[in-house]
Amino acid sequence: MDMILTKPVVDGQKYKSIEVHKLIELNYDLGTLLAEDTNEFDVHHLRKDKNDYLLQLSRDNTQLLINQIWCLPTERIEDAIVAKLPIQKTRLPRMKHIPKPRPLTKWEQFSKAKGIVKKKKAKLSWDEQLKKWVPLFGYKKTQAEREKDWVLEVPANANPMEDQFEKNIQAKSERVAKNELQRLRNIAKSKNIKVPKVGVSNSEVSSAKDLQAAVTVAKASTASLGKFQKELPKEKEAKGVSDITPGASRKRKMPPVLGDVEKRENLAIVDTILNKRPKLNIEKAVARHINNEQVESSSMDRPKSVKKSGRKSKDNFKRPKGNSGQRTGGKSGGGRKRR
Amino acid sequence: MKRLSEERTKILFEKLAKFIGPNIKLLIERPDGLYCFREQKDRVYYVSEKILKWANNIPSDHLISVGTCFGKFTKSNKFRLHVTALNYLAPYAQSKIWLKPPAEQQFLYGNHVSKTGLGRISENTEKYQGVVVYSMSDLPLGFGAAARSTAECKHAEPLSTVCFHQADIGEYIRSEEDLL
């Protein structure tokens, strides 16, 4: 009897009260079972016995959290009392990166830029010739095609001996192969893999750039790596083909030479530039002609005021100014060497 | 710092020949030691061999400039002279243009030279030849290309362009960061 009476008292001492007093109420987010205590620490207590104080504090706060959970609607499922948690308020950061969107294929990029929208096609379409519904693809479509194309017209300009059926099959397999190539190229592009260059594939579809590359590679493909090949005027070497050009490296570096040698080479280049045979410069010739005429006309006016006859003859003698103009050629002396 | 390829050397000298003609040889053959042209990031520098040897100790991506920058190669492989080359072009220039004082400022702001601003022009200047532009007090201001030959200049209208602007010393302030 004694034991029964004293037990609740002992229990009361053993278990702490579920009542906890706080100056500021805690913030709860029951969805994530989170309670946040914004009250100040009792600094005096904290310094004296840190572990005990923190243990005490966390117990109190946990008690408050559990009190809150008990306020929620509960139900009993197979001997267990279950509280229904509300939707969480705290937003947790995600652990992993957001997956990158799949890179667009070349066609998707193009259609996006051009604003081409894919149209939905009907799965079945009525075939007037066969008088039945034919699917868009699949074995039934192939059957229908075969039925329809039991005979093929030979185009007017085609070779009559050519097998049109064979040609159709060939064209189909080429289309399939092209599609496959494009598919693989898209995959390689999305994974950032470098696809080796095929070189020049087809002269019918190649662009001017491809042809330039072909010329560059072909010129280097001699026994002497194109050293003795002649250059066309204004010919440019294709760029980015060094890996398929024989004897070419990606970085061409001039070999280091002594200063004297370099100077001599530079002087030789200067000489070739200066000794370029000047082509007939019409602008210059016209300008000189105008200039001469002006001098002439001014000297014609002059005799009215200046009546020295001797001076005029001197002028006439001096007029053809050979060898006094600016020459672009480096040679001194008159005219070119004649043999 | 690397040597200019033969093709680029040719392009560079052809451009210089427009301004100084056969005097290019004087730039290469100098009594005071060896001088050479070097290329870094498409820019061409005129350096003495002595400084170049010191510069070789510095990794190329740390090197901003060595010697005098003459200009740069464009993406289409043409050469464009910078004002910094003026010190070497001015003493050897073959054809010159002198500007009247009011036209000086216009030119230094990057405008072409009109006939009204033309003070004097050297004889036998060809059309589209490279010319060095001087002030009337013989101070080199920049360079450009002659838009008209000397004879044509006489009959040109007053507002017509005589010299196309290419570079002027105002660029030292206007486009400081592009110059290097």
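The values are calculated or read from the model by the stated rules, or taken from the named source; none is laboratory data. The shown structure was predicted, so the numbers you read here are calculated from the model rather than taken from an experiment. Every residue, glycine among them, receives a Cβ derived from its backbone with ideal geometry; neighbour counts consider all protein chains shown. Note: accessible area is taken over every heavy atom of the protein model, side chains too, but ligands, DNA and RNA are not part of it. Shrake-Rupley method; radii C 1.70, N 1.55, O 1.52, S 1.80 Å.
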Only listed residue being more than 11 Å from chain B (Cβ to nearest Cβ) and at pLDDT 75 or above, chosen from A:Ser313, A:Ser309, A:Ser297, A:Ser305: A:Ser297
Criterion violated by B:Phe19 - all others in (1) surrounded by 17 or more Cβ atoms within 10 Å (Cβ to Cβ); (2) more than 10 Å from chain A (Cβ to nearest Cβ); (3) over 15 Å from the mean Cα position of the chain (by Cα) satisfied: (3)
Any hit, the stretch A:203-213, residues being within 11 Å of chain B (Cβ to nearest Cβ), out of contact with any Asp or Glu (no Cβ under 9 Å at 6 or more places or on another chain), at pLDDT below 85 and not in a helix (DSSP H, G or I): no
Single unsatisfied condition, B:Ile28 versus (1) more than 10 Å from every other protein chain (Cβ to nearest Cβ); (2) of a type in the set (A, V, I, L, M); (3) open to solvent by less than 10 Å² (accessible area, probe 1.4 Å): (1)
Odd one out for B:Glu39 among (1) within 22 Å of B:Glu6 (Cβ to Cβ); (2) charged (D, E, K, R); (3) surrounded by fewer than 18 Cβ atoms within 10 Å (Cβ to Cβ): (3)
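Let's see how each residue does on (1) over 17 Å from B:Cys153 (Cα atoms); (2) of a type outside the set (Ser, Thr, Tyr):
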position	(1), (2)
B:Tyr45	yes, no
B:Ser48	yes, no
B:Lys53	yes, yes
B:Ile64	yes, yes
B:Cys69	yes, yes
B:Ser76	yes, no
B:Lys100	no, yes
B:Val113	no, yes
B:Thr125	no, no
Residue list for the stretch A:215-253, restricted to those being within 14 Å of chain B (Cβ to nearest Cβ) and open to solvent by 70 Å² or more (accessible area, probe 1.4 Å): A:Lys227, A:Glu231, A:Pro233, A:Lys234, A:Lys236, A:Glu237, A:Lys239, A:Lys251, A:Arg252, A:Lys253
Test: residue in the stretch B:150-165 that is under 23 Å from B:Gly71 (Cα atoms), without any contact (Cβ under 8 Å) to a residue 24 or more places away in the chain and either within 14 Å of another protein chain (Cβ to nearest Cβ) or out of contact with any Gly (no Cβ under 8 Å at 6 or more places or on another chain) (or both): no
Residue list for the stretch B:51-67, restricted to those being surrounded by fewer than 17 Cβ atoms within 10 Å (Cβ to Cβ) and away from chain A (no Cβ under 14 Å): B:Trp54, B:Asn57, B:Ile58, B:Pro59, B:Asp61, B:His62, B:Leu63, B:Ile64, B:Ser65
Looking only at the stretch B:1-16, and only at residues there that are of a type in the set (A, V, I, L, M, F, W, C) and closer than 30 Å to B:Tyr128 by Cα, the one that is nearest to the other protein chains (Cβ to nearest Cβ): B:Phe13
Unmet requirement for B:Ser48, which otherwise passes all of (1) more than 9 Å from chain A (Cβ to nearest Cβ); (2) under 17 Å from the mean Cα position of the chain (by Cα); (3) of a type outside the set (Asp, Glu): (2)
Residue ID - surrounded by the fewest Cβ atoms within 10 Å (Cβ to Cβ), chosen from residues in the stretch A:259-285 that are within 9 Å of another protein chain (Cβ to nearest Cβ) and among the aliphatic types (A, V, I, L, M): A:Leu267
Residue count for the stretch B:42-62, restricted to those that are within 24 Å of B:Glu7 (Cβ to Cβ) and touching a strand residue (DSSP E or B) at 6+ places or on another chain (Cβ under 6 Å): 6
Yes/no for A:Asn179 being within 29 Å of A:Lys106 (Cα to Cα) and at pLDDT 90 or above: yes
Residues of the stretch B:127-161 that turn out to be under 17 Å from B:Ala93 (Cβ atoms) and either hydroxyl-bearing (Ser, Thr, Tyr) or buried (at least 22 other Cβ atoms within 10 Å of the Cβ) (or both), as a count: 15
